[in-house]
Each structure stands twice: as structure tokens, then as C-alpha cells.
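Have a look at the structure below, then the notes.
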Amino acid sequence: MALLSGYEWRRKRERELIEIDLIPILIALYLCVNLIAACAFAGDKRKAKNNSWRMSESTLLVLAFLGPFGAFIAMRIFRHKTRKMKFWLVPLFLGIHLALLTYLIITFL
């Protein structure tokens, strides 16, 4: 095993620290995006019941793409947008995210 110079050792150590410290931040960010998506669907359902101004479908779909777990759960709990064909994409988004998360877990653990 070759010895690393001081500079190389520091660079390697910095990369390890970044990888370790970044994972919890990314997980927290992903959970927040899913929570925002769930709240958006819940808020839109509440506004639909009150006949008030609502969020656009494209905004809801973008949030569903970024946070499909929250969007899917909110769709089921609040029975919101379940009959619209566009929103049949949400389970597809969920499947894509599940596949990517499975790949990342298998690859990096």
C-alpha cells in the first residue's frame, strides 16, 4: 500500500467527510420535498371544497415528480386528483423513485 502525501491524504479525508455529511442533508431535503408535496395536495383539496383559488395542475405534477411519496399518500388520504388521467403519473413517479432509491442503496451500502 502506497503512502499518501500530506496533500493527497487531506483531499481524500475531505472527500470522505463530504460524502458522510452530505447524505443526512440529502435525506432531510428529500423528506422535506415529500412533505411539501403532501401539504400542497392537502391544501388544494381544502381549496377545492371551499371553491377558492387553487394550485395549477402542472405545479402539483412537478411537486409529485419531486416528492412522489408525499403526493401519492396525500392523493390516497384526501382522495384528491385520483380520477384525473394526468395524475395517474404519480404512481409512475413513485416507481421511478423507488427504483432509483433501491439502486442507490444497493450501490452505496
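Nothing in this text is a laboratory measurement; each read-out follows from the coordinates by a stated rule. In this text the structure is predicted, and so the values were computed from the model without any measurement. No Cβ is skipped: glycine too gets one built from the backbone with ideal geometry, and neighbour counts run over all protein chains shown.
Based on this model, can you work out whether R83 counts as surrounded by fewer than 10 Cβ atoms within 10 Å (Cβ to Cβ), closer than 20 Å to G95 by Cα and over 15 Å from the mean Cα position of the chain (by Cα)? So R83 fits the description; yes. At least 2 residues being among the acidic types (D, E) is the threshold, and among the helices (runs of 4 or more DSSP H) wholly inside the chain those reaching it are 6-49. Put simply, of L100, L94, L66 the only residue that is farther than 20 Å from A42 by Cβ and within 15 Å of the chain's Cα centre (by Cα) is L100.
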